[in-house]
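In what follows, a structure is listed as structure tokens, so that the remarks can point back to it.
The values are calculated or read from the model by the stated rules, or taken from the named source; none is laboratory data. Source: prediction; values computed, not measured. Using ideal geometry, Cβ is built from the backbone for each residue, glycine included, and neighbour counts are taken over all protein chains shown.
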Amino acid sequence: MNKNLQQLSGKEYDLVVVGGGIFGACVAWDAASRGLKVALLEKKDFSHATSANHLKMVHGGIRYLQHGDVARVWESCRERTALLRIAPHLVRPLPIVMPTYGHGMRGKAVLGAGVSLYDLLTLDRNRRIADDGRRIPGGRLITRQEVLKIFPGIEQRGLTGAAVFYDAQMYNPQRIALSFLRSAASAGAEIANYLEVTRFLKSDGRIAGVGAKNVLNGESVEVRGTMVLNTAGPWAARLLETGMDLHLAPKPVFSRDVCFVVSRRLSSKFALACQTRTRDADAILSRGGRHLFLAPWRDFTLIGVWHGAYKGAPDEVTVTEEDLQAFLDETNAAYPGLSLFRKDVTMVNFGLILFEENKQGGAEISFGKRSMLIDHEKTNHVDGLVTLIGVRATTARGEAEKAVDLVFRKLGRRSPNSETDTTPIFGGRIEKFDDFLGGVVEQRPYGLDREVLDALIHNYGSEYPGVLKYIDESPDLAHRLGHSTVLKAEVIHAVREEMAEKMADVVFRRTDLGTGGHPGEEALKACARLMASELGWDEDRVREEVNEARSEFNLHLSSTDINVKGSILKEVV
């Protein structure tokens, strides 16, 4: 996967995709796999926004039963199944404990009935998943004693037990987006990061491509295409306004969503869904407050999500120290035995997702429900342009399929069937993940430790030999960066094969180096030296890159106890 601006400007594409988050990546893969000539442009780095910064849950739709929205239940379950099937190295089942209290709506009978209904509605949830380790079991009820054994610190007054149901979790959302992009590139798509679209080209009264600027050197380029698909998330409306004075009506509404990473693991296996004070305004059958999730992830615990209506500029969203303390207080109230302090938080992720119109600071909130797929010929009399603003990364593949179907119709061409729900993405050609991982660990290539191999296989899957090949060039590349599980070889691979142009690209979006917290100065400097040797950076550039990575860890909050990685979320799980 290599960027070639001369090639981009010298071709005419069937489809130009604007935005390299999970939705844009899925569109590029679906379109290229069906034979379209595709170009994708991203103004920063791939998956720099939501795709890298959310709770990492792959929701199967059980909570939509409260809304009576069976269509969303089926859609979410179908897409969770697809991700488990096509990305077995990056997505796994996750058991979730939902405590029951007393009788009525919060009791065992109601929740047990809900879980049973969900299992009945999703009988095909494991269709064509051959790997038992990636199949979603049915739900069950457990006793009060079993709950307290797993989560001894939860509220015990009135506790009667819990329901256990299964969803799924991403190991590394950044690499999911990147794997879709690499699949697209392998199918012929031209991919470019740090190429900001600034305007739309017109020919014969219709959109005919985009004008863009290389943000790293200021070079301008025109990329021509019969169709343009805008997947720029919360920037999508602004791009339409600044690029062609086109205004969406109604204008999309967004929520600032926040979640954080905690340095201790509360459970070795189970996630916990505990209730908060905020209610879901759209629930037909409400159990009380919305749920806060505490989920094990690697050696950490992920906690979230906090929602809040946001109407400011997408580049200006922040989380203050007061906000964070309020979130910690709410978490401790929901799980009294947790006793979380700010020093326990290693990373804060935040940004914007599609939302419903909500009253600022209200006790009830209405969540975003459907992605926006807009044919601008119908809504604005502008041919050649489609906008897709996604609402959940879980459904990105399916929404991309719909968008590409629309593109084919507008091109006047017969659309081949999409096969992206069954075709493994880059690294996903693994029949039985646990057996595959066990085989690699048993072989111990280059004498690598178990924890290093575990991370390597989870991130790169069946394509891991493409990383290890660099060790043959230099045995030193088999060493770790600092105390992390990241190999030096991964840095070289990111630069040569995955279009990493800045140090933050490697730290936050190509490797595990900075995805759970600060890896230490030794690791950052070692990463910078490796990239300098590949890209010819001088000492000034090295200092600049290291400082930029530090600032990304500490963005928005001044506390030295917390590393805050802020981002604007385009689409969230």
- Item | Tally, over segment 1-41, of residues that are in a loop (DSSP other than H, G, I, E, B) and closer than 18 Å to residue 392 by Cα | 3
- Message: I'm checking my understanding of the structure. Among residues of segment 511-539 that are closer than 21 Å to residue 345 by Cα and touching a helix residue (DSSP H, G or I) at 6+ places or on another chain (Cβ under 7 Å), which one is surrounded by the most Cβ atoms within 10 Å (Cβ to Cβ)?
- Response: 511
- Task: Tell me which residues, restricted to segment 82-140, are small (Gly, Ala, Ser) and touching a residue at least 12 places away in the same chain (Cβ under 8 Å).
- Result: 82, 87, 102, 107, 112, 114, 116, 130, 133, 138, 139
- Item | Sole residue being closer than 19 Å to residue 47 by Cβ and part of a helix (DSSP H, G or I), chosen from 489, 403 | 403
- Message: Need the failing condition index for residue 508 against (1) part of a helix (DSSP H, G or I); (2) surrounded by fewer than 23 Cβ atoms within 10 Å (Cβ to Cβ), just the number.
- Response: (2)
- helices (runs of 4 or more DSSP H) wholly inside segment 108-214 containing at least 1 residues that are among the aromatic types (Phe, Trp, Tyr), under 30 Å from residue 34 (Cβ atoms) and within 28 Å of the chain's Cα centre (by Cα): 173-186
- Item | Filter pass, residue 205 being surrounded by fewer than 21 Cβ atoms within 10 Å (Cβ to Cβ), closer than 27 Å to residue 74 by Cβ and among the small types (Gly, Ala, Ser) | no
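Working carefully through the options 473, 451, find the one that is at pLDDT below 95 and surrounded by fewer than 17 Cβ atoms within 10 Å (Cβ to Cβ).
Going through 473, 451 in turn, just one is at pLDDT below 95 and surrounded by fewer than 17 Cβ atoms within 10 Å (Cβ to Cβ): 473.
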- Message: Quick check on segment 160-172. Is at least one of its residues loosely packed, with under 15 Cβ neighbours inside 10 Å, farther than 21 Å from residue 390 by Cα and either of a type in the set (S, T, N, Q) or outside the structural domain of residue 109 (by TED's automatic domain parsing) (or both)?
- Response: no
- Message: Could you list, ordered by first residue, the pairs with Cβ atoms under 9 Å in which the first is in segment 462-479 and part of a helix (DSSP H, G or I) and the second is loosely packed, with under 12 Cβ neighbours inside 10 Å and of a type outside the set (A, V, I, L, M, F, W, C), at least 6 apart or interchain?
- Response: 478/447
- Query: What tally of residues in segment 65-84 results from selecting those that are surrounded by fewer than 23 Cβ atoms within 10 Å (Cβ to Cβ) and assigned to a helix (DSSP H, G or I)?
  - Reply: 10
